[in-house]
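Have a look at the structure below, then the notes.
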Amino acid sequence: MNGRTPDGERINEGDNEKYLKERKKAMKKMKAFLSILLALSMVFALTACGGSGGGASAEPAAPAGSAASAESAAPAADSAAPASDNAEAEVTGGIPDTITIGFSGGLGRFLAGIAPSESFTGCDAVFDSIFKTDPETKEIMSDVLDSWGWKDEHTFEMKMKENIYFSNGDNATAEDLIFSYANHPERGSNYLNSFGLLLDQCVATDTYTAEFKFEKPYVAFTNTIIYLIDKSWSEEVGWDSMEWYQPVGSGPYKCTEYVADDHMILEARDDYWNKDKGEIVVKKWILKNYADPSTMFMDLETGKIQMCQAPTADYDRYVKDGGDGYDCVLAPTGVVCYFNYGFLNNPIWQNQKLREAIAAGVDWAALGKLGYGNMYVPANSLVPEMSKEYVDVGQVTYDPEHAKELLAEAGYKPGDLKLHTFMMDNPFYKDLCEGFQFYMQEMGIECDLEFGDISTTIAQWVDPASGIDFGFFYYVAGSPTGMLRLNTWNAGDPNGVKWGYFDDEEFQALYTEHCYTTDPDLSVQRSKECQQLVYDKTLAVPFCEDVKALAYDNTIFTGEQMLNCYIGADNYQITKLSFASGWE
Amino acid sequence: MIKYFIKRLLWTIPVMLGVLVVVFTITYFTPGDPVMTILGTGYTPERYAAMAHEFGLDKGYFGQIGSYIWNLISQGSFGKSFASNIPIAQEIAIRFPVTLKLALLSTFFVVIVGLPLGILSATKQYSAFDTSLTAVALILCAVPSFILALLSLILFGVKLRWLPISGLDTWKSWILPVATNALGGIAVLMRMTRTTMLEVIRQDYIRTARAKGLKESVVIRRHALQNCLIPVLTVIGSNLTMQLAGAIIIETIFNINGMGMYLMQGILARDYPVINGTVILIAFIVCVMNLAVDLLYALVDPRIKAQYTSGKRKAKAIRKLRSAKTEVE
């Protein structure tokens with residue numbers, strides 16, 4: 001048989017067999033070579049995924065310090081000493097002109113109270129806050145008021161500073177102050193829903209003094225961030241105007257560029273009215289949005305951004321390997337993650353023995369570690385330890401045998417119960433729900449889990465027919481003072497998230513007194529009583545303090561600076577760093 | 001040919017409308033409520049009703065779809081995003097060029113790398129080169145693009161610090177997204193080219209060309225390549241079409257503000273105008289790309305071009321042929 005080689009050369013009959021043998025040998029060698037090549041590429045791919053983070057400049061003590069601080073949020077909150085003392089790289093960069101912060105939850109905009117949610121960080125820069133909490137001192141402060149307080153049970157008075165000017169030159173008055181609250185229901189924002197504010201009775205008693213009328217005093221009134229808005233400008237442009245992407249405000253910065261879903265640029269105003277604060281040293285802030293948190297963290301590692309919230313996996317890697325040019329510090333958000341019994345959706349939860357059985361049948365510490373990883377901080381109450389309302393009510397002990405006994409006492413046998421939930425489709429909730437499902441299976445309780453995107457989930461949560469029997473809740477926006485009211489946003493509202501309501505008369509009575517009083521001491525006292533009652537009656541099971549890992553360029557910032565400007569949940573009070581006082 | 005072109009363009013309109021109706025129907029019946037997504041959990045019924053009315057969501061299915069189509073035809077308006085209140089057309093005008101550039105660059109590299117490698121692989125069948133390329137192509141086809149993207153970011157961005165991680169600020173920023181986007185297409189094109197080239201080079205006319213003493217490169221370039229371009233063009237066309245529709249994963253990982261991300265965000269937020277607007281654009285792109293590929297077939301293959309030729313031209317050509325035949329006789 002005559003033929004040709006692939007190169008077209010003619011081969012003779014006699015050589016054909018020899019040729020074929022040689023080809024077979026060559027093919028065998030090639031296959032062996034390719035197998036080795038494939039194996040090497042797999043090994044390369046695997047090692048590229050893990051391994052050291054390019055050289056750790058932080059000593060091992062730093063990650064250990066951060067991990068140790070995870071055991072108790074108090075040291076991390078009260079003093080950044082454990083984190084910053086642990087051999088942070090020396091801050092050599094000086095005060096930068098421009099700082100870029102990474103966000104991964106959406107850029108947000110400047111209209112507060114409706115989705116897409118406002119950029120708290122951006123609003124802090126562009127607007128002055130009527131009330132805000134100083135993350136450093138945890139005290140309520142105001143950018144714009146000289147004094148404030150309750151005149152009586154129904155009247156709250158605010159006296160403004162007289163020299164506040166918006167960026168368009170308008171002088172801010174009491175009318176603007178009232179409008180800053182009144183615009184919320186008009187725009188569909190639910191911020192004031194719980195306030196009991198009688199907006200039509202709120203009046204300006206003089207140019208710079210306003211009286212706010214309430215059905216009953218609302219303790220969290222000064223804890224809710226409301227920004228001072230120019231009434232005349234707002235009415236002129238309307239709520240639908242594109243100018244709200246670069247709004248007029250009285251804050252130290254102006255938004256000079258806004259690219260939806262990408263970034264916004266905030267530049268310092270030369271005509272900022274509050275000269276008492278000193279010179280603005282950071283001239284430009286860039287808030288950059290990332291669709292993928294891992295990409296954001298990589299940009300921090302390479303120095304493209306200077307601060308961001310570290311995803312759990314990247315924080316775990318930092319704890320293990322340290323950081324090259326960056327550090328992480330754990331910051332409590334002032335809220336607690338807790339397990340909710342869906343009282344309004346399922347009457348079985350009226351049975352206290354059953355609630356106790358569920359509580360005893362879950363290893364809550366293990367569940368917390370599942371959700372928070374190295375950031376796990378155990379919670380012993382519905383408010384975090386840093387809160388002045390905190391009381392150590394005692395811990396729920398994991399005892400599966402006792403749990404089964406309690407279940408029997410409650411009148412249920414294994415296999416009798418089936419629980420259902422609908423949570424957001426993200427790794428955090430999935431881990432918690434699947435962990436919970438495991439423990440329920442151990443007790444013979446079937447658990448049906450469903451997950452959905454934000455839109456579907458919210459629709460389910462407010463639907464009385466959704467049949468959600470339980471859920472995990474933490475107040476995403478955080479609470480700098482660790483107030484019970486903000487930690488348990490749904491606990492007193494039967495019309496909101498159905499599974500979040502605490503259906504207990506005694507609790508509701510105490511909770512109402514905690515929320516609606518002018519006496520701060522009474523509010524704290526009632527909060528403590530609520531916390532104890534929740535434990536005694538197992539109305540909910542708090543199991544983990546919500547903590548976020550802040551990653552920052554350690555040649556520019558210290559951990560203390562990060563803690564002093566962080567409010568919670570991608571919320572930075574960047575004006576704390578805008579002036580020279582933030583760098584002393 | 002021109003008639004064919006116009007006919008196909010006109011067919012685009014009912015296709016786009018059909019796609020719009022299907023997608024609108026699906027999103028209409030999908031669980032989730034854009035008003036609730038915006039208002040959160042503490043809204044009053046009055047506020048809900050007001051916002052639903054503002055968005056036109058208080059109308060029934062036919063009312064909503066009718067309004068949308070009417071606004072599209074009469075005003076050329078895609079509407080405004082429920083969430084951001086930014087006109088859809090404005091957002092598309094910003095994002096589409098980014099996606100277009102990314103898609104064109106990726107396709108360019110797919111062609112200039114995949115095509116020659118496929119030809120070489122076919123001409124050197126069973127050689128070490130061919131076997132290695134086959135293995136590499138199989139690996140590239142099997143590995144998901146997000147893995148490739150993340151690995152390349154970790155290697156070139158974080159460890160080596162050669163290339164930027166995110167955005168498209170400088171020319172260097174384009175390298176990783178384009179390369180990652182192109183790799184899968186290169187593998188597919190390489191394999192397709194190899195397969196069709198192998199069929200073609202075994203044909204009699206190739207043997208004849210070689211027998212005539214033509215150089216191998218000329219045989220491949222002038223005779224073999226043109227005959228294997230039809231399926232190759234199909235692959236290139238479909239690759240470009242998919243990329244123009246938005247490479248969601250690449251855009252997410254490299255933080256590129258393109259069409260893919262825009263559509264994804266619209267879907268998650270139940271932002272119906274965003275979904276409808278981007279879907280219409282994608283449908284249009286698909287129709288235009290299919291038309292372009294069909295026209296390119298005609299350019300490459302005269303037999304196909306002849307099919308597009310009108311009846312009069314055909315009759316004229318036949319008359320010419322007959323008269324020439326008569327002359328010869």
Can you pull out every residue in the range A:153-185 that is within 20 Å of A:Y218 (Cβ to Cβ) and free of Cβ contacts under 8 Å to residues at least 24 places away in the same chain?
A:A182, A:P185
Does any residue in the range A:434-461 that is outside any strand (DSSP E or B) come within less than 9 Å, Cβ to Cβ, of a residue that is of a type in the set (F, W, Y) and open to solvent by 40 Å² or more (accessible area, probe 1.4 Å) six or more places away or on a different chain, and which pairs are these?
A:Y439/A:Y398; A:G444/A:Y412; A:I445/A:Y412; A:T457/A:F451
Under 6 Å by Cβ, and 6 or more places apart or on different chains, what pairs join a residue from the range B:11-35 that is within 14 Å of another protein chain (Cβ to nearest Cβ) with one that is part of a loop (DSSP other than H, G, I, E, B) and surrounded by 15 or more Cβ atoms within 10 Å (Cβ to Cβ)?
B:G32/B:R270; B:P34/B:F82; B:P34/B:R270
Are any residues in the range A:309-322 in contact with a Phe, Trp or Tyr (Cβ under 7 Å, 6 or more places away or on another chain) and either modelled with pLDDT of 95 or more or part of a loop (DSSP other than H, G, I, E, B) (or both), and if so, which ones?
A:P311
Being over 17 Å from the mean Cα position of the chain (by Cα) and modelled with pLDDT of 95 or more narrows it down to one residue among A:K388, A:K418, A:K413; which is it?
A:K418
Would you confirm whether any residue within the range A:469-486 is open to solvent by 20 Å² or more (accessible area, probe 1.4 Å), more than 30 Å from A:A549 (Cα to Cα) and touching a strand residue (DSSP E or B) at 6+ places or on another chain (Cβ under 8 Å)?
no
Report, by residue number, each residue of the range A:288-299 that is open to solvent by 10 Å² or more (accessible area, probe 1.4 Å) and more than 9 Å from every other protein chain (Cβ to nearest Cβ).
A:P293
Taking the stated definitions as given, is B:A182 assigned by TED's automatic domain parsing to the domain that holds B:G258, open to solvent by less than 20 Å² (accessible area, probe 1.4 Å), aliphatic (A, V, I, L, M) and in contact with a Phe, Trp or Tyr (Cβ under 8 Å, 6 or more places away or on another chain)?
yes
With respect to A:P464, determine if the residue is more than 11 Å from chain B (Cβ to nearest Cβ), open to solvent by 30 Å² or more (accessible area, probe 1.4 Å) and modelled with pLDDT under 95.
yes
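To keep it simple, each residue is scored yes or no on (1) within 20 Å of A:N289 (Cβ to Cβ); (2) surrounded by 18 or more Cβ atoms within 10 Å (Cβ to Cβ); (3) acidic (D, E).
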| residue | (1), (2), (3) |
| --- | --- |
| A:T224 | no, yes, no |
| A:L228 | no, yes, no |
| A:S232 | no, no, no |
| A:E236 | no, no, yes |
| A:D240 | no, no, yes |
| A:G249 | no, yes, no |
| A:T256 | yes, no, no |
| A:V259 | yes, no, no |
| A:M264 | yes, yes, no |
Expected single match for of a type in the set (D, E), within 14 Å of chain B (Cβ to nearest Cβ) and surrounded by 19 or more Cβ atoms within 10 Å (Cβ to Cβ) among A:E118, A:E186 is A:E118
Quick check, is A:G303 open to solvent by 10 Å² or more (accessible area, probe 1.4 Å) and within 14 Å of chain B (Cβ to nearest Cβ)?
yes
Restricting to the range B:36-49, name every residue that is surrounded by 15 or more Cβ atoms within 10 Å (Cβ to Cβ) and either assigned to a helix (DSSP H, G or I) or away from chain A (no Cβ under 12 Å) (or both).
B:M36, B:T37, B:I38, B:L39, B:R47, B:Y48
Evaluation of A:S147 against (1) surrounded by fewer than 15 Cβ atoms within 10 Å (Cβ to Cβ); (2) over 33 Å from the mean Cα position of the chain (by Cα); (3) among the polar types (S, T, N, Q) (one fails), failing number:
(2)
Candidates B:S77, B:S127, filtered to the one that is surrounded by 14 or more Cβ atoms within 10 Å (Cβ to Cβ), at pLDDT below 90 and within 9 Å of another protein chain (Cβ to nearest Cβ)
B:S127
Within the range A:323-341, count every residue that is surrounded by fewer than 24 Cβ atoms within 10 Å (Cβ to Cβ) and part of a loop (DSSP other than H, G, I, E, B).
2
Of everything in the range A:237-271, what is more than 14 Å from chain B (Cβ to nearest Cβ) and either in contact (Cβ under 8 Å) with a residue 40 or more places away in the chain or under 12 Å from A:F127 (Cβ atoms) (or both)? Give them in sequence order.
A:V248, A:G249, A:S250, A:G251, A:P252, A:Y253, A:K254, A:C255, A:L266, A:A268, A:R269, A:D271
Taking the range A:200-216 only, how many residues are under 24 Å from A:E162 (Cβ atoms) and touching a Leu at 6+ places or on another chain (Cβ under 8 Å)?
4
Output the residue which, of all residues in the range B:85-124 that are within 11 Å of chain A (Cβ to nearest Cβ) and surrounded by fewer than 20 Cβ atoms within 10 Å (Cβ to Cβ), is nearest to B:W174 (Cα to Cα).
B:V98
Tally the residues that are part of a loop (DSSP other than H, G, I, E, B) and among the charged types (D, E, K, R), restricting the search to the range A:570-584.
2
Residue list for the range B:210-235, restricted to those being without any contact (Cβ under 8 Å) to a residue 24 or more places away in the chain and open to solvent by 30 Å² or more (accessible area, probe 1.4 Å):
B:R210, B:A211, B:K212, B:G213, B:L214, B:K215, B:S217, B:R221, B:R222, B:H223
Name the single residue that is farthest from A:G452 (Cα to Cα) among those in the range A:379-435 being crowded, with 19+ Cβ neighbours inside 10 Å and acidic (D, E).
A:E389
Please state which one of A:L510, A:L539 is more than 24 Å from A:A569 (Cβ to Cβ), buried (at least 23 other Cβ atoms within 10 Å of the Cβ) and not β-branched (V, I, T).
A:L539
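Table: residues versus (1) assigned by TED's automatic domain parsing to the domain that holds B:S152; (2) modelled with pLDDT under 90; (3) at positive phi; (4) charged (D, E, K, R).
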{"position": "B:R207", "(1), (2), (3), (4)": "yes, yes, no, yes"}
{"position": "B:A211", "(1), (2), (3), (4)": "yes, yes, no, no"}
{"position": "B:L214", "(1), (2), (3), (4)": "yes, yes, no, no"}
{"position": "B:V219", "(1), (2), (3), (4)": "yes, yes, no, no"}
{"position": "B:N255", "(1), (2), (3), (4)": "yes, no, yes, no"}
{"position": "B:Y262", "(1), (2), (3), (4)": "yes, no, no, no"}
{"position": "B:P273", "(1), (2), (3), (4)": "no, no, no, no"}
{"position": "B:I280", "(1), (2), (3), (4)": "no, yes, no, no"}
{"position": "B:I285", "(1), (2), (3), (4)": "no, yes, no, no"}
Of the residues in the range B:149-191, how many are within 12 Å of another protein chain (Cβ to nearest Cβ), more than 20 Å from B:M261 (Cα to Cα) and in a helix (DSSP H, G or I)?
8
Is at least one residue of the range A:136-154 in contact with a helix residue (DSSP H, G or I) (Cβ under 7 Å, 6 or more places away or on another chain), in a loop (DSSP other than H, G, I, E, B) and away from chain B (no Cβ under 14 Å)?
yes
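The values are calculated or read from the model by the stated rules, or taken from the named source; none is laboratory data. These numbers were taken from a predicted model, which means no experiment stands behind them. Note that we place each Cβ from the backbone using ideal geometry, even for glycine, and neighbour counts take in every protein chain shown. The area values use the complete protein model at the heavy-atom level, side chains included, leaving out ligands, DNA and RNA. Shrake-Rupley method; radii C 1.70, N 1.55, O 1.52, S 1.80 Å.
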